[in-house]
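Heads up: the structure comes next, in structure tokens.
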Amino acid sequence: MAQRILMIALIIVIVIGGGFYAYRELVPPPVQEAQGPVYSTKPATRGDITVGIDVTGPLNPSRGGGIQAPGGRNYYEMPTSNIQYTLVDILAEEGSEVKMGQIIAKLAAPELQTQIKNAKDELESEKKFLSDLTGLSPERLYEINPSQGVVLRAPIDGRVSGLSVSEGKEVKQGHIVARIVDDSYFKINAKIYPDEFAQVELGQEMALRFSIFDGTYYGKITDVNPNPVPDDDEESSAIGFVHWITVEGKNPGLVKPGIDVYIGVPGENKDATKVLWFANPSKVEGFVNEERVLSTVEAMATEVHVREMQTVKEGDPIVSLSGSDVRKTIEEKLEKIREKESQLTELYTKAGQMEVKSPMDGVIASWDTQLGAQIRPGEWMGYVFNTGDMGMWVEVDDIDVLMIQQGSPVKVSVDALPGETFEGEVMHVSTMGKDMKGITQFAVDIRVKGGPNLRPGMQAKAYIDAGSAENVILVPLEAIFEEDGIQKVEVLNPDGTTKAVAVKLGLMNDRAAEVKSGLKEGELVITGSSADLLPSQHIGTKDSIIPSKDSNDDNNNEEQKAPAVN
């Protein structure tokens, strides 16, 4: 019995003693609670910071349009409303990239080509008639004033010769009013005997001697008739055969038609005394360039614009002819020409509508019309959307919306096109949020500069660049706190004391913040301390469950010095 009591007493002593020992080892003495905290710090450093928001959403075409057959369907558009087109060729299949104005399909209306050809022939005929009537080129027909009648004009540069009308005189149609001659070069038709013919050839230079003035002049043979003809005239019968040649020369200034002239083979070095003159004299036939001015109508000469031998230029007026019949004829022809031109323009417009063009840059989405189908003007044939101008409509919360501005750059990627990045821009940021399941969301409209491989409905990821800064002072985000509405950081001094410093912040992301003022590079900011631990927590230095006395003493000494933990 005594042994049992002794054993119980011994167990009680051991339990009490062990409990006391454990209490002393695990529970620090009260004096330790009064020691300063241990700080975790980070230095303020210089670096770069980028701020952005990641969003996702489907791609949508910003612009699209229908492919429409040319022409309208309005009842009042009579010139085109009766056309029936046939789709004969599709030049851009579905999915093809096209440019605005590019021909993407062709239509046919075969009867138009026949109508155009007939209208052109009729117009040219009317213009030629009026051009012949007035002496004006077809390009100048609209210069005609019908009240002034017909103005006969010089067909070439030259001198007026043989002017045969005067003002107030009646002129018959086809009458030669005058001749316009370019007297800078004359022409001689000469007959020579066979032995003389043997001495000449085409292009040969010949000596000339005119009857009305002295001196020897020169010209060139421009035409040779190799066939001999009988030498006869009105006064005598043929006595042999001759050849005809044509000689042209530069007019020294006095040569006129009808002047007698002798032709010969020049001597050596153009020695006038050694010229071999031919037997028959010739006459100056006329001038090389000479045109007649004919009256194209029967009318009265109301004004003569030139005098005999007057120098004129091509197109200069010679005689004005007028009369009621002339004016009426001109008016009718001008009206006819305008009518034909209007018809031809209308037909060309219709012919131009044989081509269907893309209304915009983009990609062919669909064709709703099959080859060979009959199409009315203005009928919808398909759809095209612009892949180079896509859009995204996304939503952000009330925190992120403050970092987004109109014009902010955006980087867009698409899961279906790995490795490709597209540029974008924020076009609009909603100023009013909407409650979405208890969370306020703001709409953001993004414009994307896409490419031909993009399609509406593709899921896209966008990074909205909210700003960046380079070589600025940065501190960890956890070092910042707010006190009385002022943003501050706590700085650890070299002597172990701390102070709160007000700072002006710039950009912030999820890790760091830019400090614009209030802090210098290298200063240590406090990111945490042992004072932030719960009352039941403390900092140990070893992993043992029951620390040793020495270890506990060392730990107490470190806390008293309040070191910083980097």
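The values are calculated or read from the model by the stated rules, or taken from the named source; none is laboratory data. Just so it is clear, the model here is predicted, and its values are computed rather than measured. Heads up, the Cβs are rebuilt from the backbone with ideal geometry, glycines too, and the neighbour counts pull from every protein chain shown.
Being more than 15 Å from LYS187 (Cβ to Cβ), charged (D, E, K, R), part of a strand (DSSP E or B) and in contact with a strand residue (DSSP E or B) (Cβ under 7 Å, 6 or more places away or on another chain): is that true of GLU285 here?
Here the answer is no, as GLU285 does not meet what is asked.
Filter segment 41-63 down to the residues that are closer than 27 Å to PRO452 by Cα, surrounded by 19 or more Cβ atoms within 10 Å (Cβ to Cβ) and among the β-branched types (Val, Ile, Thr) and list them by number.
ILE53, VAL55
Considering segment 465-478 alone, what residues qualify as being surrounded by 15 or more Cβ atoms within 10 Å (Cβ to Cβ) and farther than 25 Å from ASP54 by Cβ?
Listed by number, the list holds a single entry, ILE473.
Taking segment 462-520 as the search range and keeping residues that are in contact with an Asp or Glu (Cβ under 8 Å, 6 or more places away or on another chain) and of a type in the set (S, T, N, Q), which one is farthest from VAL401 (Cα to Cα)?
Filtering first and then ranking leaves THR498.
For segment 65-95, how many residues are part of a loop (DSSP other than H, G, I, E, B), at pLDDT below 85 and either within 29 Å of the chain's Cα centre (by Cα) or closer than 17 Å to THR387 by Cα (or both)?
So the answer is 4.
Count, please, the residues in segment 434-466 that happen to be assigned to a loop (DSSP other than H, G, I, E, B) and in contact with a strand residue (DSSP E or B) (Cβ under 9 Å, 6 or more places away or on another chain).
10
Answer yes or no: is there a residue in segment 339-352 that is over 31 Å from the mean Cα position of the chain (by Cα), modelled with pLDDT of 85 or more and more than 30 Å from GLU139 (Cα to Cα).
no
When segment 317-353 is examined, which residues are found to be part of a helix (DSSP H, G or I) and of a type in the set (S, T, N, Q)?
Passing the criteria: SER324, THR329, SER342, GLN343, THR345, THR349.
If we scan segment 107-125, do we find a residue that is part of a strand (DSSP E or B), surrounded by fewer than 17 Cβ atoms within 10 Å (Cβ to Cβ) and out of contact with any His (no Cβ under 8 Å at 6 or more places or on another chain)?
Yes, there is a match, as at least one residue in segment 107-125 is part of a strand (DSSP E or B), surrounded by fewer than 17 Cβ atoms within 10 Å (Cβ to Cβ) and out of contact with any His (no Cβ under 8 Å at 6 or more places or on another chain).
Look through segment 39-58, keep the residues that are within 22 Å of ASN471 (Cβ to Cβ) and of a type outside the set (D, E, K, R), and return whichever of them is nearest to the chain's Cα centre (by Cα).
Taking the candidates together, the pick is GLY52.
Yes or no, residue by residue, for (1) modelled with pLDDT of 90 or more; (2) buried (at least 17 other Cβ atoms within 10 Å of the Cβ); (3) under 30 Å from ASP465 (Cβ atoms):
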{"site": "LYS488", "(1), (2), (3)": "yes, yes, yes"}
{"site": "LEU492", "(1), (2), (3)": "yes, yes, no"}
{"site": "GLY496", "(1), (2), (3)": "no, no, no"}
{"site": "ALA512", "(1), (2), (3)": "yes, yes, yes"}
{"site": "GLY528", "(1), (2), (3)": "no, yes, no"}
{"site": "LEU533", "(1), (2), (3)": "no, no, no"}
{"site": "SER536", "(1), (2), (3)": "no, no, no"}
{"site": "ILE539", "(1), (2), (3)": "no, no, no"}
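Would you point out the residue of segment 99-123, among those that are in contact (Cβ under 8 Å) with a residue 12 or more places away in the chain and among the charged types (D, E, K, R), that is farthest from LYS340 (Cα to Cα)?
LYS99
Working only within segment 261-278, note down all residues that are within 13 Å of ILE245 (Cα to Cα) and either touching a helix residue (DSSP H, G or I) at 6+ places or on another chain (Cβ under 7 Å) or in contact (Cβ under 8 Å) with a residue 60 or more places away in the chain (or both).
Answer for segment 261-278, where residues must be within 13 Å of ILE245 (Cα to Cα) and either touching a helix residue (DSSP H, G or I) at 6+ places or on another chain (Cβ under 7 Å) or in contact (Cβ under 8 Å) with a residue 60 or more places away in the chain (or both): ILE263, PHE278.
Any residue at all in segment 268-278 that is of a type outside the set (A, V, I, L, M) and crowded, with 18+ Cβ neighbours inside 10 Å? Lay out the reasoning, then the answer.
Residues of segment 268-278 of a type outside the set (A, V, I, L, M): 268-271, 273-274, 277-278.
Then keep just the ones that are crowded, with 18+ Cβ neighbours inside 10 Å; that gives 278.
Yes.
Please go through segment 311-342 and give me each residue that is more than 15 Å from SER166 (Cβ to Cβ) and not charged (D, E, K, R), ordered by number.
The answer is THR311, VAL312, GLY315, PRO317, GLY323, SER324, VAL326, THR329, ILE330, LEU334, ILE337, SER342.
Pick out, from segment 476-517, the strands (runs of 3 or more DSSP E) lying fully within it that include 3 or more residues that are in contact (Cβ under 8 Å) with a residue 12 or more places away in the chain.
Passing ranges, in order: 486-492, 498-502, 504-508, 512-517.
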